[in-house]
DNA sequence: GTACGATTCAAACGATCGTTTGAACTCGAG
DNA sequence: CTCGAGTTCAAACGATCGTTTGAATCGTAC
């Protein structure tokens, strides 16, 4: 059992994980070959299958390495908030800030490695491949349930169904922002770059937007089906 | 020049485009091989390179076939709104609804083919590959500029920089919702499915959320840099 | 030193990828 | 009919993929 490692020169396993994390972020899962990963990590090609079994298991390990602690911290943050509130409903801003701030702390990880993972995470939410879809729900189920319950308590006038919708939109805005896909920025060439790379600045702008959407007036008829006349002729 | 086609039995070119559209949506660009596409379309493998030149050009054609008319309609909708407003600022809800309703109309295209494309479009915003990033800005530049100007006029108290941020978040929520990545739904197993497949229902829920975020109070200090004390010791 | 499990290595495996080739087929014009 | 441009077809191309193999190497216990 080697103990005095991973500090100056990470061992093969972590070198592979670090290289894979960056390359997956830059090019996606399918477009990143094991040869690119091992070349960047400075290890032999066969090391991936030796240490992880397969590329798919490598992908899962890349996620679980960071996602476990991240979501555990999110739960701990919510625990602390609810403990200090003593049964009273929390402020929606507090709740969302707790969720986001854990990501911010990860983004400030040494050597900016956390930032790469956050962008990879945002990208993964839109990945159609079955790889991610298999274990992402397991990783997020507890967090979503707890934060959803806290928000439901904070916003008693919002029906459960509507809250699920708004959580969906919130996740979309967060994932897209973390993913840093930049389509809008590329389209407009608006210079957000300096702030966009500062996670605290992102949260400062994102938080009011999310709370505004979360506390917005409810849609007109929440329960209408298409049983009546279809559309009212708008032109 | 054959004229009487594409009605009962689409020609090879459109059969390929239709098949590619669905498969790209289901599995992404990299994971979809030309052999899957041609097999689904019922055409020969070489037909893709004969009609489109390369897989990359096929991808571009899949997008431009629908994106051109879609964004043209978005511009036309805004033209009509601004004409009837006669110089007065529009309502933010009107503006966003105009943007979204064009997509709704596409989604109700015959044979639900438009729905497949919208989900593909939402997915493409998160694609890291260079394919999409090259021409998506060109397709969206005019639309974003016009709608951004209309929103700036409608929300004179929102600084330009903040408006760009909020447009970014809005695009994220829309793209994620259109993409239908379902991670949240999978995580919670909340039965949104029936409504989620009805584009008008999606807009009915999405619109108040987006307007709420767009008109939310501005973040505390809009211009702060990290010049002062970094953080206030939270524990 | 020797022996042995853990790890690394160069090399190759079969499969699949996007693309190309050249012949066969279609069909209206002459 | 013949012709030829447009299109479709089966087959193969070279490249790259994830994975496997078996020997070489390392580090440690005896």
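Residue count for segment B:143-152 satisfying the condition of being more than 9 Å from every other protein chain (Cβ to nearest Cβ) and either buried (at least 17 other Cβ atoms within 10 Å of the Cβ) or touching a helix residue (DSSP H, G or I) at 6+ places or on another chain (Cβ under 9 Å) (or both): 5. Checked against the criterion of being assigned by TED's automatic domain parsing to the domain that holds residue A:208 and buried (at least 18 other Cβ atoms within 10 Å of the Cβ), the candidates A:92, A:69 yield just one match: A:92. Residues in segment B:14-46 that are near DNA strand D (Cβ under 9 Å from one of its atoms) and surrounded by fewer than 18 Cβ atoms within 10 Å (Cβ to Cβ): B:35, B:42, B:44, B:45, B:46. Among residues that are at positive phi and not assigned by TED's automatic domain parsing to the domain that holds residue B:153, residue B:87 is not included. With A:162, A:127, A:134, A:82 as the choices, which residue is under 26 Å from residue A:19 (Cβ atoms) and more than 15 Å from the chain's Cα centre (by Cα)? Just a single option satisfies the conditions, and that option is A:134.
The values are calculated or read from the model by the stated rules, or taken from the named source; none is laboratory data. Predicted model only: the values in this text are computed from it and were never measured. Using ideal geometry, Cβ is built from the backbone for each residue, glycine included, and neighbour counts are taken over all protein chains shown.
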